[in-house]
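Here is the structure we will look at, set down as structure tokens.
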Amino acid sequence: MKILFYDTKKYDSVSFDKALADYKHIEIKYLETDLEPLTASLASGYDAVCAFVSSDVGAETIEKLHEVGVKLILMRCAGFNNVDLEAAGTYGIRVLRVPGYSPEAVAEHAMALALGVNRRLHKSYIKVRENDFSLNGLMGFNFHEKTAGIVGTGKIGAAMARICRGFGMKVIAYDVYENPDLKDFVTYVSLEEVLAKSDLISLHCPLMDNTYHMINRETIAKMKNGVILVNTSRGALVKTDDLIEGIRARKFFGVGLDVYEEETSNVFENRSNEILEHSTTARLLSFPNVMITSHQGFFTAEALEAIAKTTLDNAGVYEKGLETPNEVKN
Ligand code: NAI
């Protein structure tokens, strides 16, 4: 089986080459370029393409993949909001993903952002490097005995809930389904109650039509003053302009973002010598209480190993014509 691998970074080829030792029948060609309508036809002669969070796997790309005979899209990530599942269904292209590779990797990063922004680590690191040992502007608050509100208690949200409990926080949560594994220490409440009662709100639900811009002017108004908001899920859960308005209105003690709406052209690229076309990232970074990382929640050795293994397992499942819960359909 031949797979064309798009948007390859060094760490991708290293982890996949290592895993390939156990999958002798699979051949991978790595491309640096990302998948989009213009690059889809490069997959001519391949059975499958392997794409990632910033790939454009929209209807046009899928039509082009179909034209060149591709039958399988292997998403090497959990999210699939960038895949047009209807188009994939129309052309009979199967879409397999890696639903959970290391929930703890993302949850630990969510807590790192929460702590970092709370204790202003992004400021203090720079200050100390400049021999400024003063503490002005660095005061945080204890998480101990405060309330953590988790939105979405699937694999990552559950891991985040456990971490928050470890910090001695009271944990409340909102999800459309309650996770029975958490019943000992998580109290499920309405989204309104999570917004109103939490000192730390961490978003862990997928991006879908009904979660798009769930954090907006109205929902921000329902939050406690001085809340910390962390988003490691998908950028478009938060309406950035409304978030900026809320930050300017001093609503937030801090905001930690591993994902944000206009990240697609930035994600995993070194653009330090470029003049960026959008302004919202720059506006967000202008605030002293905002910390942004570039979609690195998943980026641990354990997660990369698991991503490579599950993606190659998915390819094997496809070859055998088997069903798998890793398949996403419209
Ligand atoms: P999951 O599928 O295990 O859990 C998602 C949870 O969200 C489920 O319990 C579901 O019932 C809940 N949910 C669905 N609609 C909801 C709504 N309207 N309101 C509240 N909850 C709702 O997914 P998992 O593995 O926990 O991942 C969560 C998200 O994290 C992914 O969708 C992905 O966008 C993001 N992610 C980010 C990464 C990063 O590197 N920053 C890496 C991996 C995933």
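The values are calculated or read from the model by the stated rules, or taken from the named source; none is laboratory data. On a predicted model such as this, the values are computed, not experimentally measured, just so you know. Note that we place each Cβ from the backbone using ideal geometry, even for glycine, and neighbour counts take in every protein chain shown. Remember, those area values only see protein heavy atoms, side chains included, never the ligands or the DNA or RNA. Shrake-Rupley method; radii C 1.70, N 1.55, O 1.52, S 1.80 Å.
At a glance:
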read-out: Filtered residues of region 67-86 (kept if more than 14 Å from the ligand (Cβ to nearest atom) and closer than 18 Å to Glu327 by Cα); value: Val70, Lys71, Leu72, Ile73, Leu74, Asp84, Leu85, Glu86
read-out: Unmet requirement for His295, which otherwise passes all of (1) at positive phi; (2) surrounded by fewer than 16 Cβ atoms within 10 Å (Cβ to Cβ); (3) of a type outside the set (Val, Ile, Thr); value: (2)
read-out: Residue check, Val176 at pLDDT 95 or above, within 13 Å of the ligand (Cβ to nearest atom) and surrounded by fewer than 15 Cβ atoms within 10 Å (Cβ to Cβ); value: yes
read-out: Test: residue in region 154-174 that is under 24 Å from Val83 (Cα atoms) and in contact with a His (Cβ under 6 Å, 6 or more places away or on another chain); value: yes
read-out: Sole residue being away from the ligand (no atom under 14 Å from the Cβ), open to solvent by 10 Å² or more (accessible area, probe 1.4 Å) and at pLDDT below 95, chosen from Arg217, Arg283; value: Arg283
read-out: Residue, nearest to the ligand (Cβ to nearest atom), within region 88-116, restricted to residues that are open to solvent by 40 Å² or more (accessible area, probe 1.4 Å) and hydroxyl-bearing (Ser, Thr, Tyr); value: Tyr101
read-out: Residue check for Asn131: of a type in the set (S, T, N, Q) and touching a strand residue (DSSP E or B) at 6+ places or on another chain (Cβ under 9 Å); value: no
read-out: When residues of region 197-214 are limited to those that are more than 9 Å from the ligand (Cβ to nearest atom) and touching a strand residue (DSSP E or B) at 6+ places or on another chain (Cβ under 9 Å), the one most open to solvent (accessible area, probe 1.4 Å); value: Lys197
read-out: Test: residue in region 148-165 that is open to solvent by less than 20 Å² (accessible area, probe 1.4 Å), touching a residue at least 60 places away in the same chain (Cβ under 8 Å), within 11 Å of the ligand (Cβ to nearest atom) and within 22 Å of Asp242 (Cα to Cα); value: yes
read-out: Number of the exception - Ser233 against (1) buried (at least 22 other Cβ atoms within 10 Å of the Cβ); (2) in a helix (DSSP H, G or I); (3) among the polar types (S, T, N, Q); value: (2)
read-out: Tabulated pairs, region 243-266, first part of a strand (DSSP E or B), second open to solvent by 30 Å² or more (accessible area, probe 1.4 Å) and not small (Gly, Ala, Ser), C-beta under 6 angstrom, 6+ apart or interchain; value: Gly256/Met291; Leu257/Ile292
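Each row is one residue, and each column tells you yes or no for (1) under 15 Å from the mean Cα position of the chain (by Cα); (2) not hydrophobic (A, V, I, L, M, F, W, C).
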| position | (1), (2) |
| --- | --- |
| Ile228 | no, no |
| Asn231 | yes, yes |
| Gly235 | yes, yes |
| Leu243 | no, no |
| Gly246 | no, yes |
| Phe253 | no, no |
| Phe268 | yes, no |
